[in-house]
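The values are calculated or read from the model by the stated rules, or taken from the named source; none is laboratory data. Just so it is clear, the model here is predicted, and its values are computed rather than measured. Quick reminder, even Gly has a Cβ in these numbers, built from the backbone with ideal geometry, and neighbours come from all protein chains shown. Side chains included, ligands, DNA and RNA excluded: accessible areas come from the protein's heavy atoms. Shrake-Rupley method; radii C 1.70, N 1.55, O 1.52, S 1.80 Å.
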Amino acid sequence: MENPHIDWLGTRSGSVAALAGAEVYKALGAGANITYWSDVKDGTHCASRPEWRTPLQQNIQKFLLKTGSAAGTIRISAKKAGSLAEWRDWSTPTLTDDHYSDHAHHPDDAGCGRLHDGSCR
């Protein structure tokens, strides 16, 4: 939830951060679990926006109440749209258990600190 009408709120940077975050969610197989919405008509500072009501309710239902299943939405205002392509030179990988580096802990071995190569920390 962002307000593109007030420059000092950094909405262009916020949109790039949301797009980058969405790539992380996508890589983790959870691309439908992120919502970012800056396409609003009312520019009043510190105001609730009617455009936010539905995505906010959907996220509360999905993640807090466990009664919903709506996919997240990325909707960026054309007034302050940032470009993720200007900030990265990589493609989003699809992460699996086989993608752990030698320095990362495998989640199944949290107790011993086992590394992907099988050794313990």
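Regarding Ile34, is this residue surrounded by 12 or more Cβ atoms within 10 Å (Cβ to Cβ), farther than 14 Å from Ser77 by Cα and free of Cβ contacts under 8 Å to residues at least 40 places away in the same chain? Break it down into steps so the answer makes sense when it comes.
Numbers: surrounded by 12 or more Cβ atoms within 10 Å (Cβ to Cβ): yes; farther than 14 Å from Ser77 by Cα: yes; free of Cβ contacts under 8 Å to residues at least 40 places away in the same chain: no.
Against the criterion (surrounded by 12 or more Cβ atoms within 10 Å (Cβ to Cβ), farther than 14 Å from Ser77 by Cα and free of Cβ contacts under 8 Å to residues at least 40 places away in the same chain), Ile34 does not qualify.
Just give me the residues in segment 37-53 being among the β-branched types (Val, Ile, Thr) and either within 13 Å of Ile74 (Cα to Cα) or open to solvent by less than 40 Å² (accessible area, probe 1.4 Å) (or both), in sequence order. Talk me through it step by step, then tell me what you get.
Pass one, segment 37-53, residues among the β-branched types (Val, Ile, Thr): 40, 44.
Answer for segment 37-53, where residues must be among the β-branched types (Val, Ile, Thr) and either within 13 Å of Ile74 (Cα to Cα) or open to solvent by less than 40 Å² (accessible area, probe 1.4 Å) (or both): just Val40.
For segment 1-16, give me each residue that is touching a residue at least 40 places away in the same chain (Cβ under 8 Å), hydrophobic (A, V, I, L, M, F, W, C) and exposed (fewer than 15 other Cβ atoms within 10 Å of the Cβ).
Met1 - this is the single residue of segment 1-16 that is touching a residue at least 40 places away in the same chain (Cβ under 8 Å), hydrophobic (A, V, I, L, M, F, W, C) and exposed (fewer than 15 other Cβ atoms within 10 Å of the Cβ).
Quick one: which residue in Asp108, Asp39, Asp117, Asp97 is modelled with pLDDT of 90 or more and charged (D, E, K, R)?
Exactly one of Asp108, Asp39, Asp117, Asp97 is modelled with pLDDT of 90 or more and charged (D, E, K, R), namely Asp39.
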